[in-house]
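See below for the structure under consideration.
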Amino acid sequence: MFRTITRVCSMAAAAICLLGGCSKEAPRKTETPRPASVHPEASNTQTGEELFRRFCRNCHPDGGNVSDPARSLHGSALRRNHITNPEDIVRIMRNPLSRMLRFDAETISDKDARTIAEYVLNTFR
């Protein structure tokens with residue numbers, strides 16, 4: 001019974017993520033210009049926590065992962081998946097391994113991506 005409930009909850013979370021998108025500011029391929037708020041220069045003064053809330057929190061609440069619990073942002077899961085430094089996280093942001101949305105340099109600058117990565121490594125040890 002518990003396994004069925006867990007499976008249903010996991011499927012519901014994945015459906016919500018896929019249908020609703022992980023973030024209102026997630027990258028999208030469109031012909032229209034990007035809003036000014038998404039340009040990398042717009043976030044020069046934001047902290048890792050602010051950037052994480054803006055781009056990552058919806059799919060990774062409290063460091064979890066709503067669509068793939070085995071790929072949470074907690075230290076043990078990161079180490080198990082051989083993610084040990086900011087560059088590893090930035091690489092995954094740019095070229096996701098699973099259902100994660102891709103965040104290109106136009107959406108999140110390299111500097112901000114590294115700031116998010118450092119925040120993740122320091123916060124979800």
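Just so it is clear, none of the values below were taken in a lab; they were calculated from the coordinates. Being a predicted model, the structure only gives us computed values, none of them experimental. When we count neighbours, we look across all protein chains shown, and the Cβ atoms used for this are built from the backbone with ideal geometry, even at glycine.
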Practice prompt. Kindly state, to the nearest 0.05, the FRET efficiency for GLU106 paired with ALA70, given R0 = 41 Å and r defined as their beta-carbon distance.
Written response: 0.90
Worksheet item: What is the gain in length, in nm to one decimal, between HIS82 and ARG125 on full extension, counting 0.36 nm per residue of separation less the C-alpha to C-alpha distance?
Response: 14.1 nm
